[in-house]
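Right, one structure below, let's go through it.
The values are calculated or read from the model by the stated rules, or taken from the named source; none is laboratory data. Because the structure is a prediction, the values reported are computed rather than measured. Every residue, glycine among them, receives a Cβ derived from its backbone with ideal geometry; neighbour counts consider all protein chains shown. Side chains included, ligands, DNA and RNA excluded: accessible areas come from the protein's heavy atoms. Shrake-Rupley method; radii C 1.70, N 1.55, O 1.52, S 1.80 Å.
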Amino acid sequence: MKRDLLTPLDFSKEELNSLFDLACDIEANPAKYAHACEGKKMATCFYEPSTRTRLSHEAAMLNLGGKTMGFASAASSSASKGETVADTARVISCFADIMVIRHPKEGAAAVAAHYATIPVINAGDGGHQHPTQTLTDMMTIRSLRGSLDNFTIGFCGDLKFGRTVHSLVTSLARYENVKFVFISPPELRVPDYITEMLNEKHIKYTEVVRMEDVIGSLDILYMTRVQKERFFNEDDYVRLKDFYILNKDKMALAKKDMYVLHPLPRVNEIATEIDDDPRAAYFRQVQYGVYVREALILTLLNIHVPEGGQTC
């Protein structure tokens, strides 16, 4: 049976550990995997703009010796003629061995997976899920801290529409003694279904408005941008887009070993003066994303991997 990645919960904790171990081995021994996907083709079907996610998947496949094809916007695909996601998935299955899809509508990736005969990777569906970013985030945290247990993570900014936030909270809730701090204006607070899930699992969380009140207690600060494309009212976007800006003054309040993550792109929510701070890990996060996606491609294609590996 083919296997897809539609949400991070499609993989068990044990499977995620194996995936991260494989990604670590790819990082340490890239030459060992340089020809693993020779003769394989990946289709990237992006119905909305992306830089990191699309190019990261393509770089991952190229690093494995495979080839890529696809489209970068709905306007450059048959969707502009009215073709459905279901039909596109059927067609792509005739051309490629694995499909990556990003779509502005929630559930589109699940539709593609239902009709495709090849593995499907969800690269983001509306404000719903972004599982490969979550895998990237988790590997980054594990690499920086040595574990995915026993830490406090703060999410700051757009927690209402931020699919990266929703995916990561849901995934980290499976680990031991992870505490959550949600930092946002009331209009962009985390959705009720997230807090209800945490309540059901008896997991501690705090909701605050001021970053300064909690930054000193955090081990990880996960910054997000206010996403203009998710707003129906531009006045609301303009009012909220500069609500949080992380600068040196705020970083001075943080622990010496607190790391800053960001799914990118950033607008101005992290001042460029932070980039040289050793705690700024968002560009390392991008690099980890390539290794994770290489490991994911190999896993979904069920391609044999040489024995041995390293643990982050």
Among helices (runs of 4 or more DSSP H) lying entirely in the stretch 34-135, which contain 1 or more residues that are more than 18 Å from PRO8 (Cβ to Cβ) and basic (Lys, Arg)? 52-63, 85-95
State all residues of the stretch 200-223 that are free of Cβ contacts under 8 Å to residues at least 24 places away in the same chain and surrounded by fewer than 11 Cβ atoms within 10 Å (Cβ to Cβ); if no residue qualifies, say none. GLU200, HIS202
Applying the selection to the stretch 224-248, what residues are modelled with pLDDT under 95, assigned to a helix (DSSP H, G or I) and open to solvent by 20 Å² or more (accessible area, probe 1.4 Å)? LYS228, GLU229, ARG230, GLU234, ASP235, ASP236, TYR237, VAL238, ARG239
Since PHE182 meets every condition but one in (1) part of a strand (DSSP E or B); (2) without any contact (Cβ under 8 Å) to a residue 12 or more places away in the chain, which condition does it not meet? (2)
Which pairs have Cβ atoms under 9 Å, sit 6 or more apart or on different chains, and link a residue in the stretch 271-284 that is in contact (Cβ under 8 Å) with a residue 12 or more places away in the chain to one that is assigned to a loop (DSSP other than H, G, I, E, B) and surrounded by fewer than 10 Cβ atoms within 10 Å (Cβ to Cβ)? ARG279/LYS256
Residues located in the stretch 3-33, provided they are out of contact with any strand residue (DSSP E or B) (no Cβ under 9 Å at 6 or more places or on another chain) and in a loop (DSSP other than H, G, I, E, B): ARG3, SER12, ASN29
Flagged in the stretch 10-36 as open to solvent by 20 Å² or more (accessible area, probe 1.4 Å) and touching a Cys at 6+ places or on another chain (Cβ under 9 Å), in numbering order, are ASP21, GLU27
Subset of the stretch 136-167 [open to solvent by less than 10 Å² (accessible area, probe 1.4 Å), under 22 Å from PHE11 (Cα atoms) and modelled with pLDDT under 95]: GLY162, VAL165, HIS166, SER167
In the stretch 118-140, residues that are within 25 Å of GLU212 (Cα to Cα) and without any contact (Cβ under 8 Å) to a residue 60 or more places away in the chain total 0
If you go through the stretch 60-78 one residue at a time, do you hit one that is of a type in the set (D, E, K, R), surrounded by fewer than 23 Cβ atoms within 10 Å (Cβ to Cβ) and at pLDDT 95 or above? yes
Sole residue being outside the structural domain of GLU27 (by TED's automatic domain parsing) and either more than 21 Å from the chain's Cα centre (by Cα) or free of Cβ contacts under 8 Å to residues at least 40 places away in the same chain (or both), chosen from SER93, SER73, SER147, SER143: SER147
Among the residues of the stretch 37-45, is there at least one that is of a type outside the set (Lys, Arg), at pLDDT below 95 and open to solvent by 20 Å² or more (accessible area, probe 1.4 Å)? no
